[in-house]
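Colleague: If you scroll down you'll find the structure; I have some questions about it.
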There are 2 protein chains.
Amino acid sequence: MPSRVVGPIEGDAWGQALLAGVGGHESVIVVERDDGLIEPDPFVSRNYFGEPDSWSDRDHWAIERTVGTVLDVGAGAGRATLAVQAAGRDVVALDVSPGAIEVCQRRGVQQCFLGSVDDLVETNPTPFDSILALGNNLGLLGSRTGANCLLNALAAISASDAVIVGTGLDPYATDDPLHLAYHEANRQVGRLPGQVTIRVRHRALATPWFDLLWCSIDELAELCEPTPWRVADVYPGPLYAVVLRRV
Amino acid sequence: MPSRVVGPIEGDAWGQALLAGVGGHESVIVVERDDGLIEPDPFVSRNYFGEPDSWSDRDHWAIERTVGTVLDVGAGAGRATLAVQAAGRDVVALDVSPGAIEVCQRRGVQQCFLGSVDDLVETNPTPFDSILALGNNLGLLGSRTGANCLLNALAAISASDAVIVGTGLDPYATDDPLHLAYHEANRQVGRLPGQVTIRVRHRALATPWFDLLWCSIDELAELCEPTPWRVADVYPGPLYAVVLRRV
């Protein structure tokens with residue numbers, strides 16, 4: 001019998017995992033969902049630091065659809081920011097993780113913002129032409145209400161003809177009983193089925209619990225309705241990319 | 001904010017991970033220590049199902065030192081049992097995990113025992129010539145008192161000149177601050193430094209918390225003192241193997 005269960009320690013698990021992965025070192029994260037499902041990613045260096053020649057077609061499709069100045073939302077280790085910057089374009093890496101921002105800076109990202117999109121709105125930045133959300137960062141929409149807030153916040157810092165270009169995953173492309181049960185539990189409390197409450201763990205650290213939202217393209221289109229954004233282009237599939245255009 | 005944190009579900013996580021890994025399928029476990037440290041093993045099929053030609057020198061050293069009839073303690077997917085059985089020798093696979101025993105049976109292990117060593121003692125079996133504990137299963141000694149109980153229980157079901165052949169790890173071969181802090185916390189409550197309280201997680205399942213004991217060869221020799229076992233041969237290193245002989 002254990003005499004104590006004291007961990008994990010709340011902190012910047014994701015950022016510390018990225019810092020540990022700098023230089024190609026082995027670094028592991030575990031994503032833990034609130035139903036207990038654990039999904040390790042033992043390849044932080046490979047998956048979050050990759051040069052464009054290692055990217056998926058979907059990622060290329062997405063980044064090619066950015067125009068003008070770019071805000072990279074949830075920049076992580078800065079792989080997308082660095083690619084845009086290398087093309088000589090104006091790009092800001094935004095992340096709430098101090099470790100992620102430190103990694104971006106160490107890797108040569110010139111413009112970083114440590115904080116949330118709401119924090120950035122308060123600084124009244126020059127409007128961006130493109131918002132970039134690779135790495136399934138459309139999940140940061142979080143929930144029905146979260147999506148509304150984030151889409152409106154992004155509108156507040158973007159040009160009148162701006163685009164949001166991002167990747168996401170379709171939660172319905174599964175027959176895994178754990179996921180199907182999770183969807184059903186969500187429906188019963190009025191959430192969108194693909195809203196997942198997770199935390200990221202690295203060694204003895206865990207982030208606070210937070211929500212990601214996995215939604216179908218149709219659901220995304222519906223979430224856009226009360227905002228200035230409309231689905232304009234789609235790279236279809238269970239792992240999709242999408243362009244939202246401001247109207 | 002999460003509305004609920006309901007998982008994981010207590011169950012045979014380890015056995016279910018082995019069952020999922022049958023046939024070379026991808027299967028992942030995460031070992032979670034009570035200080036929050038998580039260590040994924042994404043290669044269950046590779047690491048627990050391997051044929052002898054993929055084994056370490058240490059494992060070969062150990063299995064070659066078994067004699068006569070064998071009890072494979074913590075048999076897992078049965079890799080050691082199957083190797084002994086293939087050599088035409090009498091061997092029993094013991095495991096507390098129903099899933100592990102099911103995997104052993106599916107893979108052709110002829111003699112299985114589902115339960116603990118204490119459970120086996122109660123069946124009054126024919127004494128074994130060798131007890132085998134690969135896969136660092138010397139850790140099953142668990143604690144100072146656990147070691148005493150298990151070593152005496154193994155004596156009760158073994159021949160008068162029997163050996164215990166097993167592998168373990170030296171907890172002091174580290175400079176990882178998390179491990180050093182864990183050792184120190186153990187010392188302060190009177191535990192051996194290398195006693196770790198862990199659970200195994202697989203998908204949404206977690207085993208109950210249990211203790212493993214990592215000890216140096218010197219500590220192991222000390223734990224043997226009040227029992228009929230003595231250290232007789234050592235394959236040295238941070239990952240060691242050892243032969244304990246009954247006196």
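The values are calculated or read from the model by the stated rules, or taken from the named source; none is laboratory data. From a predicted model like this one, the values you see are computed outputs, not experimental measurements. Don't worry about glycine lacking a Cβ; one is built from the backbone with ideal geometry, like all the others, and counts go over all protein chains shown. Areas reflect the complete protein model, heavy atoms only, side chains present, ligands, DNA and RNA absent. Shrake-Rupley method; radii C 1.70, N 1.55, O 1.52, S 1.80 Å.
Colleague: Is it the case that A:Asp53 is more than 15 Å from the chain's Cα centre (by Cα) and more than 23 Å from A:Gly15 (Cβ to Cβ)?
Modeller: So A:Asp53 passes the test.
Colleague: Next question, about the same structure. Being more than 16 Å from A:Leu134 (Cβ to Cβ) and in contact with a strand residue (DSSP E or B) (Cβ under 6 Å, 6 or more places away or on another chain) narrows it down to one of A:Val31, A:Val44, A:Val22, so name that one.
Modeller: A:Val31
Colleague: From B:Gly166, B:Gly146, B:Gly190, B:Gly142, grab the single residue that is more than 13 Å from B:Leu212 (Cα to Cα), under 14 Å from the mean Cα position of the chain (by Cα) and not hydrophobic (A, V, I, L, M, F, W, C).
Modeller: Within the list B:Gly166, B:Gly146, B:Gly190, B:Gly142, the selection yields B:Gly166.
Colleague: Let me ask something additional. Filter segment A:95-106 for residues that are out of contact with any helix residue (DSSP H, G or I) (no Cβ under 6 Å at 6 or more places or on another chain) and surrounded by 16 or more Cβ atoms within 10 Å (Cβ to Cβ) and give the result.
Modeller: Passing the criteria: A:Val96, A:Ile101, A:Glu102, A:Cys104.
Colleague: Criterion first (in contact with a Gly (Cβ under 8 Å, 6 or more places away or on another chain), open to solvent by 10 Å² or more (accessible area, probe 1.4 Å) and polar (S, T, N, Q)) does A:Ser45 satisfy it?
Modeller: Yes; evaluated as a whole, the condition is true for this residue.
Colleague: Further, regarding this structure: Report, ordered by the first and then the second residue, all pairs with beta carbons closer than 6 Å, sequence separation of six or more or different chains, a first member in segment B:192-214 that is under 16 Å from A:Asp35 (Cβ atoms), and a second member that is assigned to a loop (DSSP other than H, G, I, E, B) and among the aliphatic types (A, V, I, L, M).
Modeller: B:Arg203/A:Leu37; B:Ala204/A:Leu37
Colleague: Further question: Looking at segment B:129-222, what strands (runs of 3 or more DSSP E) fall wholly within it and have at least 3 residues that are open to solvent by less than 10 Å² (accessible area, probe 1.4 Å)?
Modeller: B:158-169
Colleague: How about segment B:54-77: which of its residues are under 14 Å from B:Val117 (Cα atoms) and not charged (D, E, K, R)?
Modeller: Selection gives B:Val70, B:Leu71, B:Val73, B:Gly74, B:Ala75.
Colleague: Scan the helices (runs of 4 or more DSSP H) fully inside segment B:1-101 and keep the ones with 3 or more residues being more than 29 Å from A:Ala204 (Cα to Cα), within 14 Å of chain A (Cβ to nearest Cβ) and at pLDDT 95 or above.
Modeller: Per the criteria, no element qualifies.
Colleague: Can I ask one more? I'd like the full set of residues that are more than 19 Å from A:Ile63 (Cα to Cα), out of contact with any Gly (no Cβ under 6 Å at 6 or more places or on another chain) and among the charged types (D, E, K, R), limited to segment A:76-134.
Modeller: Hits for segment A:76-134 are A:Glu102, A:Arg106, A:Asp118, A:Asp119, A:Glu122.
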